[in-house]
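Structure record follows, encoded as structure tokens.
What follows is calculated from the coordinates using simple rules that are stated; it is not laboratory data. Computed from a prediction, not measured in an experiment: that's the story for all the values here. Because the Cβ atoms are built from the backbone with ideal geometry, glycine has one as well, and the counts that use them run over all protein chains shown.
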């Protein structure tokens, strides 16, 4: 038996934020990232709408990029004191992911972070609060997914939490929030969305409900991402919807080793954090070549659906070339070396990173099984830009 889970309600389009006027409840916490939502006036809008709804609101602010275990625990403590019946999070993937994890520790103060690391092991939520998510970036789609990524900075490891319990009850996908993204963030989040859709389509758990969502998202990213990157507002709107479609697909079909690799390398190197979408964009063509031994026909389906023709192997190569071309257009490096990771540090850490990546929650649904030794070889290809021929 398979399962397909999405938010109960999804409101989209310009001014969808106004739906908050109709929310039923008494108290809400609003979980936010840095300052961009305040700077552009969206926080004031949300607070105004919630006031109209008769809901008292408390802010939890300054969730950092790649939110930490410590941030999650502090936020949960605020919730336990305030006792909201709605948890609302607005911003990029980080504040929404953090709020999802806070939700667990608000409702179950005695649980531990270690107790929820195993996928689909969460206790039953909605005992105290429901969850509403408002994305401001066009990539993570955490507003519709059963996932949250939290970082343990003591080890440098990202933990993807997975449970249908943390799928939001309501998502508000208002494209006006995404108009504020700078070009680099637009590029990285857009390629994150493409990776979500491609990995969902070739996942071992793909199916008739996820495939159409994944393919539509892929088409939209290829159609709209370059113009969105260059500031076109109509393209920005379409990308905001594309990433949401991709999220609906991967939340139910799951992902693969592009994400396993990105999770375990993002915070691993002293020379600088690798943004999640950037890491996905770098790894995606290499992983397609590795996986094509088992999933060539599925990748060829994707290629043909976006106008590429030829044999299956020709289609897969052309798909990788197309992704490489987009990375060039978006100023995304082709290799980890080009990104700036030092060679000595890469060599020192790659074996351990490979081991962690293989044990990542996303590896289980990858179309081709992988060993730590193969993962080390694959990561090495992504560092030097060498051909994946194994």
Top of 227, 16, 115 by mean-square fluctuation, Gaussian network on the chain, Cα under 10 Å: 115
Ratio of alpha-carbon Rg to the 2.2 N^0.38 Å globular estimate for the chain, to two decimals, please. 0.94
Only counting other Cβ atoms within 10 Å, I'd like 36, 359, 251 sorted with the fewest neighbours first. 359, 36, 251
Given a 10 angstrom Cα cut-off, can you work out which residue in 206, 22, 294 is the most mobile in a GNM of the chain? 22
Within the set 277, 33, 231, GNM on the chain using Cα springs under 10 Å gives the largest fluctuation to 231
If one computes the Cα centroid of the stretch 111-138 and of the stretch 200-243, what distance in Å separates the two points? 25 Å
Taking the convex hull of Cα positions in the stretch 285-345, its mean projected area over all directions (nm²): 4.9 nm²
When the Debye formula is applied to the Cα atoms of the stretch 183-384, each taken as the same point scatterer, what base-10 log of I(q)/I(0) results at q = 0.08, 0.17 Å⁻¹? -0.24, -1.13
Mind grabbing the base-10 log of I(q)/I(0) for the stretch 261-369 at q = 0.10, 0.18, 0.22 Å⁻¹? Debye formula, identical points on the C-alpha positions, no solvent, two decimal places. -0.33, -0.97, -1.22
Taking only the alpha-carbon atoms of the stretch 317-390, what semi-axes of the equivalent ellipsoid follow from 5 times the gyration tensor eigenvalues under a square root, in whole Å, largest first? 22, 18, 11
Most exposed to least, judged by fewest other Cβ atoms within 10 Å, 180, 189, 151, 71 sort to 180, 71, 151, 189
For the stretch 9-178, treating each Cα as an identical point scatterer without solvent, what Debye log10 I(q)/I(0) comes out at q = 0.15, 0.18, 0.20 1/Å? -0.74, -1.10, -1.38
In whole percent, what relative contact order does the stretch 215-329 give with Cα contacts below 8 Å and a gap of six or more residues? 20 percent
Computed on Cα atoms, the radius of gyration and Dmax of the stretch 152-256 in angstrom are 14.5, 42
Between residue 390 and residue 152, what length comes free when the chain is fully extended (0.36 nm per residue of separation minus the Cα-Cα distance, one decimal in nm)? 82.4 nm
Additional length obtainable on full extension of the chain from residue 331 to residue 124, 0.36 nm per residue less Cα span: 70.2 nm
